Amino acid sequence: MRPRVADEVRRKLWFFEHGLYDAAGELACGYARLLGDEGVRHAPPPPVRFASWAGGDMDGNPNVSARTILETLRAHREVA
């Protein structure tokens with residue numbers, strides 16, 4: 001049985017919840033320390049951005065629909 005779109009999304013978001021967010025926080029702190037006062041004055045862009053195609057790849061999964069995309073966006077919002 002093929003995984004459902006929601007299963008794929010849940011599997012991908014697990015990595016955000018169980019490691020990526022913590023690692024990004026540590027990276028941001030190190031980045032801020034490295035830039036020091038200069039970073040405060042000039043507000044550089046963040047060192048990392050998150051994105052995910054999981055649940056929205058209409059070209060790769062025929063089960064993706066407007067409904068599943070809305071569910072995916074809700075799941076991403078909850079995790080964020």
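The values are calculated or read from the model by the stated rules, or taken from the named source; none is laboratory data. Just so it is clear, the structure is predicted and the values come from calculations on it, not from any experiment. When we count neighbours, we look across all protein chains shown, and the Cβ atoms used for this are built from the backbone with ideal geometry, even at glycine. Ligands, DNA and RNA are stripped out before the accessible areas are found, and what is left, the full protein with its side chains, is counted by its heavy atoms. Shrake-Rupley method; radii C 1.70, N 1.55, O 1.52, S 1.80 Å.
Count, please, the residues in the range 66-80 that happen to be open to solvent by less than 40 Å² (accessible area, probe 1.4 Å) and small (Gly, Ala, Ser).
1
Here's the yes/no breakdown for (1) assigned to a helix (DSSP H, G or I); (2) surrounded by fewer than 10 Cβ atoms within 10 Å (Cβ to Cβ):
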{"site": "Lys12", "(1), (2)": "yes, no"}
{"site": "Phe15", "(1), (2)": "yes, no"}
{"site": "Leu20", "(1), (2)": "yes, no"}
{"site": "Ala24", "(1), (2)": "yes, no"}
{"site": "Ala28", "(1), (2)": "yes, no"}
{"site": "Arg33", "(1), (2)": "yes, yes"}
{"site": "Val48", "(1), (2)": "no, no"}
{"site": "Ala51", "(1), (2)": "no, yes"}
{"site": "Gly56", "(1), (2)": "no, no"}
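Inside the range 40-55, can you point out the residues that are touching a helix residue (DSSP H, G or I) at 6+ places or on another chain (Cβ under 6 Å) and either touching a residue at least 60 places away in the same chain (Cβ under 8 Å) or over 17 Å from Trp14 (Cα atoms) (or both)?
Pro47, Val48
Within the range 35-46, which residues are small (Gly, Ala, Ser) and either assigned to a loop (DSSP other than H, G, I, E, B) or surrounded by 12 or more Cβ atoms within 10 Å (Cβ to Cβ) (or both)?
Answer for the range 35-46, where residues must be small (Gly, Ala, Ser) and either assigned to a loop (DSSP other than H, G, I, E, B) or surrounded by 12 or more Cβ atoms within 10 Å (Cβ to Cβ) (or both): Gly39, Ala43.
Residues in the range 70-77: is at least one among the small types (Gly, Ala, Ser), at pLDDT 80 or above and in a helix (DSSP H, G or I)?
Yes; the residues of the range 70-77 include at least one that is among the small types (Gly, Ala, Ser), at pLDDT 80 or above and in a helix (DSSP H, G or I).
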